[in-house]
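A.B. asks: I'd like to ask you about the structure that follows.
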Amino acid sequence: MAIDHGVVKRLRGEVGNRLAEQRRLDSASGMAPMSSEDERQFARAVIAQVLEEYARSEIIGGRTPPNAEEEEALASSIHAALFGVGRLQPLLEDEEIENIDINGCNRVFLGYADGREVLGEPVAETDEELVELIQVLAAYSGLSSRPFDTANPQLDLRLPDGSRLSAVMDVTLRPAVSIRKTRLGKVFLADLVGNGTLLPQTAAALAAAVAARKNIMIAGATNAGKTTLLRALINQIPGEERLLTVERALELGVDHFPELHPNAIAFEERLPNSEGQGAITMAELVRRSLRMNPSRVIVGEVLGDEIVTMLNAMTQGNDGSLCTIHANSSLEVFNRISTYAIQSQERLPVEATHMLIAGAIDFVVFIEKRNDYARGGTLRRYVSSIREVTGIDGRVLSSEVFTPGPDGRAVPHAPVSCLPELVEHGYDPSRGMW
């Protein structure tokens, strides 16, 4: 059903004005401000009132008023414009859509779970309206308001439903937005076995590695499923452990499930204000986390100079740490870390970085994404390799203990040096090749 977004915009403005007036009256009479949920409920009543007035005006003007179905759609769109993400709301609610790429308000490309790429409907009337929508989201998502304007043309944040948003302006001809839909639902290794990401023996090995407090780095391309696998590994950690997560934009959501991890704190990088002050970097947050009695430190995504601090943390008794990193293979991870380390404040040379890697990382897990839709297949994500770090001899020594099997998914390949520890924590070598 087509929705007149001009009507939605006009009625949203009227509802917004009435909400603002009610806030003013409450303040003048000394009443406590409405809670977020109370305001949403009040807004629904105001929306119903405004829609009734709109229908009456349509009848007086000799026009056909909206029917019940159209009125419900208008009410949902107005509420989404006030408290949700506007026209993005139905796209975020569509379970089949995985990615939303916006190259200007009317160039919207939708990536589906089966690998299809489809041109969608506009999400705003103008590019200026699109920027306003992103600015509203930036003001109310995460732990602190994030500016999005000419002085701050880049933005990363997590939407209320857990999806990740990245936006830029003024460095492209038109504002560009990419949304990767991720849910804050619980995910376990058994779920990844069920959807084909892991074979059972691979999942068993990873579960034992987490229980044995091995430091694990998850590598893969963009949108390969690194965060989902990280969440599943986190959910293997016993509930009595104290977890500290460090992220650029909150997305892991460990603190959202106290029944799994009651003692968890989520740190989020803070950007500088308009005067360039007040920034708190990932590296600073990792250092801070070490002073707060963590059982494990989990870094959502390593993208820069926090790598040195994180590796140091892994070698200072914080065994069992987890993190993700972008890389094209499990072996390429070591070069990627060296590149980040040499650009860091410490300016670590390659040799020193390799020594740090050898002492900090136990396993590198590589997750692969393959889109075969154009050839009649579908989009697949699967763990294809697990590499064990075994030492150093001028460079990092490692053994690929799991390699791609017939269908690409990782299968046991070479002996693992810490097998007795994994067996002690539940791994059964008789089910694999170890």
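A.B. asks: Percent of Cα-Cα pairs more than 15 Å apart in segment 330-373, please.
C.D. replies: Result: 49 percent of Cα pairs exceed 15 Å.
A.B. asks: Taking every pair of alpha-carbon atoms in segment 38-115, what share in percent sits in each 10 Å bin, from 0 to the bin with the longest distance?
C.D. replies: 16, 34, 28, 19, 3
A.B. asks: I've got another one for you. Compute the accessible area per residue over segment 175-314, keeping the other protein chains in place, probe 1.4 Å, unit Å². Mind dumping the intermediate values first?
C.D. replies: Working: 4950 Å² over 140 residues.
With all protein chains present, segment 175-314 gives 35 Å² per residue.
A.B. asks: Continuing with the same structure: What does the extension gain come out to for residue 38 and residue 195, with contour length at 0.36 nm per residue minus their alpha carbon separation?
C.D. replies: Extra length available between residue 38 and residue 195 comes to 52.6 nm.
A.B. asks: Turning to a different aspect of this structure: Once both labels are modelled 7 Å past Cα along the beta-carbon direction, what's the residue 424-residue 339 spacing in nm?
C.D. replies: So the label points at residue 424 and residue 339 sit 3.8 nm apart.
A.B. asks: Out of 113, 32, 73, any idea which swings most in a Gaussian network model of the chain, alpha carbons joined below 10 Å?
C.D. replies: Residue with maximal mean-square fluctuation among 113, 32, 73: 32.
A.B. asks: Moving on. Once the Cα gyration tensor of segment 259-374 is found, what semi-axes does its equivalent ellipsoid get, as square roots of 5 times the eigenvalues, in whole Å, sorted largest first?
C.D. replies: So the equivalent ellipsoid measures 23, 19, 18 Å along its semi-axes.
A.B. asks: Given that compact globular proteins tend to follow 2.2 N^0.38 Å, what is the ratio of the alpha-carbon Rg of segment 167-296 to that value?
C.D. replies: Working: Rg = 17.1 Å, N = 130, 2.2 N^0.38 = 14.0 Å.
Dividing the Cα radius of gyration by 2.2 N^0.38 Å gives 1.23.
A.B. asks: State the three equivalent ellipsoid semi-axes of segment 157-205, derived from the C-alpha gyration tensor as the square roots of 5 times its eigenvalues, in descending order and whole Å.
C.D. replies: 35, 13, 7
A.B. asks: Can I ask one more? With r as the distance between the Cβ atoms of residue 263 and residue 369 and R0 = 41 Å, compute the FRET efficiency 1/(1 + (r/R0)^6) and round to 0.05.
C.D. replies: 0.75
A.B. asks: What distance in nm separates the simple spin-label points at residue 125 and residue 256, each placed 7 Å from Cα in the Cβ direction?
C.D. replies: Reported label-point gap for residue 125 and residue 256 is 3.3 nm.
A.B. asks: Still on this structure, please answer the following. Using a 1.4 angstrom probe on heavy atoms only, work out the carbon and sulfur share of the accessible area of the chain in %.
C.D. replies: Working: 10470 of 20700 Å².
Carbon and sulfur together cover 51 percent of it.
A.B. asks: Give the accessible area for residue 416 in Å² (nearest 10); use a 1.4 Å probe, count only protein heavy atoms, and leave out ligands, DNA and RNA.
C.D. replies: Accessible area, nearest 10 Å²: 10 Å².
A.B. asks: Name the residues of segment 166-199 whose amide N is less than 11 Å from a point 7 angstrom out from the Cα of residue 303 along the C-beta direction?
C.D. replies: 166-167
A.B. asks: Computed over the Cα atoms of segment 14-65, what is the ratio Rg over Rh, Rh following Kirkwood?
C.D. replies: Rg/Rh for segment 14-65 comes to 1.14.
A.B. asks: Tell me, what is the FRET efficiency for residue 291 and residue 109 to the nearest 0.05, using R0 = 45 angstrom and their Cβ-Cβ distance as r?
C.D. replies: 0.50
A.B. asks: I've got another one for you. For 18, 158, give me the order by solvent-accessible area with a 1.4 Å probe, most accessible first, ignoring ligands, DNA and RNA. Walk me through the intermediate numbers first.
C.D. replies: Details: 18 65, 158 40 Å².
Listed by decreasing accessible area, they come as 18, 158.
A.B. asks: For the chain, set up a GNM with springs between Cα atoms under 10 Å and report which of 347, 174, 23 has the largest fluctuation.
C.D. replies: 23
A.B. asks: What is the calculated FRET efficiency for residue 407 to residue 152, with r their C-beta to C-beta distance and R₀ = 41 Å, to the nearest 0.05?
C.D. replies: Once rounded, the FRET efficiency stands at 0.35.
A.B. asks: Using a Gaussian network model of the chain whose springs link C-alpha atoms within less than 10 Å, name the residue from 61, 278, 115 with the highest mean-square fluctuation.
C.D. replies: Comparing 61, 278, 115 in the GNM, the peak value goes to 61.
A.B. asks: Follow-up question, since we're still on this one. Just grab the label-to-label distance for residue 24 and residue 270, each label 7 Å out from Cα along the Cβ direction, in nm (one decimal).
C.D. replies: 3.3 nm
A.B. asks: Kyte-Doolittle cut-off -0.5, length cut-off 30 Å along the helix's own axis using Cα: show which whole DSSP H helices in the chain pass.
C.D. replies: 36-60
A.B. asks: Taking only the alpha-carbon atoms of segment 242-298, what semi-axes of the equivalent ellipsoid follow from 5 times the gyration tensor eigenvalues under a square root, in whole Å, largest first?
C.D. replies: One finds semi-axes of 23, 13, 7 Å for segment 242-298.
A.B. asks: Another question, if that's okay. When the Cα atoms of the chain are enclosed in a convex hull and the volume is divided per residue, what value in Å³ results?
C.D. replies: Here the figure is 182 Å³ per residue.
The values are calculated or read from the model by the stated rules, or taken from the named source; none is laboratory data. Note that the structure is a prediction, hence the values are computed from the model and not measured. We place every Cβ from the backbone using ideal geometry, glycine too, and count neighbours over all the protein chains shown. Note: areas computed on protein heavy atoms with side chains; ligands, DNA, RNA excluded. Shrake-Rupley method; radii C 1.70, N 1.55, O 1.52, S 1.80 Å.
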